[in-house]
Amino acid sequence: MKLRYLAVGLVTAGSVSATALALSGTWTRDPVPPGLAEAALWTPEAMPMPASTEAPVLAPTLARSDVAPMVSPPALPSAVVVAPSLPRVEPSLRTWAREIAAGETLDAVLAEAGLDAPVRAEVALALAAEFDLRRLRPGHALSVITTPEGSPRRVVLEVDDGVRIEAVFGAQVATRVVAPDPEIVTLASEARIESSVFAALDAGGIPARFAVDLAQMLGGAVDFRRDLTGGETLRLMWREARIGDDIVGQPDLTFAALDLGDTLFEIVWPEDGSGRATIYRDGVVMRVFAQPVEGARLSSVFGRRTHPVYGDTRMHTGVDFAAARGTPVYATAPGRVSFVGSRGGYGRVVEIAHGSETTTLYAHLSAVPDGLAQGDRVAAGDLIGSVGATGTATGPNLHYEVRVNGRPTDPLSDDRLAEAAERVADYGAALARLGDARARLEERLASALVPDTNERL
C-alpha cells in the first residue's frame, strides 16, 4: 500500500511541474508584431522554366558517323565596309633646263622647251615683270617645269650673282625675285713677276682678270711690256662674294701695290662701289681715275689696226672694253655733258667735256639714263649709259676715247683727265685711305701666313 501511494504522488508531482513550466513560458513570451507575422507567411513565387532550344535532331539510323556533322555557326552582325580615301595623284611633271647660248633669244629657248607660242608670250611677260629681258646673255640658265599636257607650272631664270627670277603659273601668275645673301670675304696675296703680270697672278692663285684692272689704272705710267724685266713684286687685296663654297659674281680689287724697285705704284679703290680709284706714286697722289666699265676685258688698244668690220688698216682712235650688253658705263672724270645722241658708226654716244680742252667719248651704248641731257654736270664714277652694240660694232663693247683740242689721244697715257680729277680730290682723305689700305693688307697677309694649329701632321 505504501508503494502505491508513493507512485501516485510522484506522478501527481510531475504533472503539476509540467503544467507550471508551460504556464511560465506562455506568460514570459512577448507578442509578435503583425508585420513580422505577415512576412513570416510569405513564400516566393515559382520561377518560370527557361525556354528549351531544340537541339539538332540526328537521323536515328546513324549509329555512328565517321564525318562530324556540319553545324552552321550563328550569323555575325553585318559590318559596314568603308572604302579608304586614297590621296589625289598629281600628274607627273616634266623638267627641262639648260644654259642660254650666245645669240639665242628667250622665245627660241622656250620653244625648244616645248612651249607653244601663246604660252611663250605669257612666260616672257611674267619674267619681264621682274627682269629686263634685254639683259639676257650667255651663261644665264632657264628651267621649265610643265605638265604632261605642256602647260607650264614653274619657270626659273637664273641670272647674275645667284639671282633667280621665278614665275609660278596656276589660277594666277606670280613672279618673284630670289636674291641670295652672300658672305663678303676679303683676301690678300703677293706675287713675284717673272714674265708677265697675267702669268704672275695665275701662278699665285690670284684672279688673273686683275691684270686688266692694273692695265687700265697704270697703263699711262707703266709699260707692262718694257718696264717689267722680272723680279718686280705685286701685292693685292680683293673682295669675293660667296654663297657656301661658290663665288658669286666677279671679285673686286680694293688695293694694289706694284713695286718696280725704284718706284712704288699703289692704287686704292673706294668702298662705296663708285669705281673711282686713287693712284699713288711713292706715297703721293698721282691721279684719280674711274674705270668706264668695271671688270671688262681690254679688247683693243689705241693705234693702227685692221678694222674688224671693213678689213682695212686704219687708226683706232680709242680703246675698246668687251663686256656684256647692259653692263653699266661710268664717267671717268668730272665734267659737263656736251652731247647725247647717235653719231654714225659710233652708234649711241655720250660725250663729256672736262674743261675747255679735253673731252671723253663713250660709244656703242645700248641705253643712257633717263633724264641725262646736254649741259648736265657729272662726277667721276657717275652712271652715264650701258654697254651695247649700236653703230658699227661686231659685238657688245664700249669704245672709249679721250680727245684733246679735238684730236684723239691714248686714254691710258693722257694725264689731262688726272688733272681734272685732281682739282676735286681731297688729298688729306686720299692719304688717310692709303694708310688704312696698307694696314689692312699687312693684316691680311699676316693672317694668311699663320699656320693652322689644328692641322694634323
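The values are calculated or read from the model by the stated rules, or taken from the named source; none is laboratory data. No experiment lies behind these values; they were computed from the predicted model shown. Cβ sites come from the backbone with ideal geometry, for glycine too, and all protein chains shown count toward neighbours. Surface areas here come from the heavy atoms of the whole protein model, side chains and all, with no ligands, DNA or RNA. Shrake-Rupley method; radii C 1.70, N 1.55, O 1.52, S 1.80 Å.
Any chance you could count how many residues in the range 312-350 are modelled with pLDDT under 80, open to solvent by less than 50 Å² (accessible area, probe 1.4 Å) and out of contact with any Leu (no Cβ under 6 Å at 6 or more places or on another chain)?
Here is the first cut: in the range 312-350, the residues modelled with pLDDT under 80 are 312-317, 333.
In the following step, the residues that additionally are open to solvent by less than 50 Å² (accessible area, probe 1.4 Å) were identified as 316-317, 333.
Now restrict to residues that are out of contact with any Leu (no Cβ under 6 Å at 6 or more places or on another chain): 316-317.
Adding up the residues that qualify gives 2.
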Check your understanding: Residues of the range 188-203 being more than 14 Å from Trp238 (Cα to Cα) and outside any strand (DSSP E or B), which ones?
Key -> Glu194, Ser195, Ser196, Val197, Phe198, Ala199, Ala200, Asp202, Ala203
Check your understanding: Do the conditions hold for Pro138, that is, is it exposed (fewer than 12 other Cβ atoms within 10 Å of the Cβ) and in contact with a strand residue (DSSP E or B) (Cβ under 9 Å, 6 or more places away or on another chain)?
Key -> yes
Exercise for review: Would you be able to tell me the number of residues in the range 147-187 that are part of a strand (DSSP E or B), more than 30 Å from Glu442 (Cα to Cα) and among the polar types (S, T, N, Q)?
Suggested key: 1
Review point. Applying the selection to the range 206-255, what residues are open to solvent by 30 Å² or more (accessible area, probe 1.4 Å), acidic (Asp, Glu) and in contact (Cβ under 8 Å) with a residue 60 or more places away in the chain?
Key: Asp246
Check your understanding: Does any residue of the range 363-378 turn out to be on the phi < 0 side of the Ramachandran plot, in contact with a strand residue (DSSP E or B) (Cβ under 8 Å, 6 or more places away or on another chain), touching a residue at least 60 places away in the same chain (Cβ under 8 Å) and surrounded by 18 or more Cβ atoms within 10 Å (Cβ to Cβ)?
Key -> yes
Practice item. Give the number of residues within the range 332-360 that are over 19 Å from Thr394 (Cβ atoms) and not β-branched (Val, Ile, Thr). Key: 13
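Go through the residues of the range 224-239 one by one and say whether even a single one is assigned to a helix (DSSP H, G or I), more than 30 Å from Pro152 (Cα to Cα), within 30 Å of the chain's Cα centre (by Cα) and not aliphatic (A, V, I, L, M).
No, the conditions are met nowhere in the range 224-239.
Modelled with pLDDT of 70 or more, open to solvent by 100 Å² or more (accessible area, probe 1.4 Å) and not in a helix (DSSP H, G or I) - does that describe any residue in the range 407-416? If you could, list the steps in order and put the result at the bottom.
Applying the first criterion (modelled with pLDDT of 70 or more) to the range 407-416 yields 407-411.
From the residues that got through so far, the ones that are open to solvent by 100 Å² or more (accessible area, probe 1.4 Å) too are 407.
Those still in the list that are not in a helix (DSSP H, G or I) too: 407.
Yes, the range 407-416 contains a residue that is modelled with pLDDT of 70 or more, open to solvent by 100 Å² or more (accessible area, probe 1.4 Å) and not in a helix (DSSP H, G or I).
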**Study point:** Residue, modelled with the highest pLDDT, within the range 417-430, restricted to residues that are more than 18 Å from Ala331 (Cβ to Cβ) and open to solvent by 90 Å² or more (accessible area, probe 1.4 Å)
**Key:** Tyr427
Exercise for review: Give the residues of the range 102-125 that are of a type in the set (A, V, I, L, M, F, W, C) and open to solvent by 10 Å² or more (accessible area, probe 1.4 Å), sorted by residue number.
Suggested key: Ala102, Leu106, Ala108, Ala111, Ala117, Val119, Ala121, Ala124, Leu125
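Residue-by-condition table, conditions (1) of a type outside the set (Val, Ile, Thr); (2) at pLDDT 90 or above; (3) under 27 Å from Leu106 (Cα atoms):
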position: Ala124; (1), (2), (3): yes, yes, yes
position: Arg135; (1), (2), (3): yes, no, yes
position: Val155; (1), (2), (3): no, yes, yes
position: Ala188; (1), (2), (3): yes, yes, no
position: Ala203; (1), (2), (3): yes, no, no
position: Met237; (1), (2), (3): yes, yes, no
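I'd like the residue in the range 379-406 that is among the polar types (S, T, N, Q) and either in a strand (DSSP E or B) or open to solvent by less than 20 Å² (accessible area, probe 1.4 Å) (or both) and, out of all such residues, is nearest to Val337 (Cα to Cα).
Just the residues of the range 379-406 that are among the polar types (S, T, N, Q), to begin with: 386, 390, 392, 394, 397, 405.
Checking which are either in a strand (DSSP E or B) or open to solvent by less than 20 Å² (accessible area, probe 1.4 Å) (or both) leaves us with 386, 397.
Details: Ser386: 16, Asn397: 21 Å.
Going through the qualifying residues, I end up with Ser386.
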**Study point:** Within the range 181-197, considering residues that are open to solvent by 40 Å² or more (accessible area, probe 1.4 Å), of a type outside the set (Ser, Thr, Tyr) and touching a Lys or Arg at 6+ places or on another chain (Cβ under 9 Å), the one farthest from Glu266 (Cα to Cα)
**Key:** Pro182
Practice item. Return yes when Val248 is at pLDDT below 80, part of a strand (DSSP E or B) and either of a type in the set (A, V, I, L, M, F, W, C) or within 16 Å of Val197 (Cβ to Cβ) (or both) and no when it is not. Key: yes
Check your understanding: Among the residues of the range 276-311 satisfying the criterion of being surrounded by 12 or more Cβ atoms within 10 Å (Cβ to Cβ), part of a strand (DSSP E or B) and among the charged types (D, E, K, R), which is modelled with the lowest pLDDT?
Key -> Arg305
